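What follows is one structure encoded as structure tokens, with my remarks underneath.
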Amino acid sequence: MKYCKLLLMILALQLINETAYTQVVEKGFEMMELLKISEVYRQVPDISFQVHYTYTDSIKPSEILEELDGSYKIHNGKFWAMLDSVEYVQGNLYNLTIYHQDSTIAIGNRQEYRNVLQAPLMDSLFREANVQSMQVGQLDGATRILKMRFKPESSYSYYELQYDRNSYLIRKVKFYMREPSEEKPGSGTHCISIEFSNYSDAMISDEYFREDKFIFQKGKEFLTQPAFNGYQLLVNIAQ
């Protein structure tokens, strides 16, 4: 399969320029804020939004190496997204990833959508192993900003999250990841920025979340629907 560098990094995640604080929020407040943000996207009946990803090298932050747009929909615990030519469907039974360009459908166990933060920040083991410090501040009257620094051995180096202080909807995520390579010039630290926009709470059709549009099961075997004949199936389901 062939994917752009940015899309590979987004899939793997399933940040060292500072933005000034105007006010620091009480210490120990950070995890409560992350929990509130995560819960908004988990509990909302219907929410749609668009994202714009940009990928740069930390030594040339103004030079965009790659970028892509995506759409997300979350509906009663189910999730759908389209990033470039890759479609994600979290239905009632399975998680599907449909690589339209490569004619491949990956099938996995259904998992609750948790990737809105773009990093496993709600995982206590991840935080203990990776996070060095965390701080929440007030960016302006309506926007808070969470900054996180990581231990030297972590693949992350810095993470920044901007969100609405009232609705807890995310406006921007930016993070830096260490990826040293002898084959490619550059700093070895790459930055991914994600802009969130066009939020809507309009009701979303169940059609987006139907696994049976793509696959069906015959006995223990998975098969593609006629519209996807020629697509290879990759089944990774824990029994």
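The values are calculated or read from the model by the stated rules, or taken from the named source; none is laboratory data. Owing to the predicted nature of the structure, the values given are computational and were not obtained by experimental measurement. For the accessible areas, the whole protein counts, side chains as well, though only heavy atoms, and no ligand, DNA or RNA atoms are used. Shrake-Rupley method; radii C 1.70, N 1.55, O 1.52, S 1.80 Å.
Some observations on this one:
- For the range 71-190: rounded, prolate or oblate by the Cα gyration tensor [a/c cutoff 1.5]: oblate
- Share of carbon and sulfur in the accessible area of the range 127-239 stands at 47%, probe radius 1.4 Å.
- Normalised per residue, the accessible area of the range 132-239 is 56 Å², obtained with a 1.4 Å probe and no contribution from ligands, DNA or RNA.
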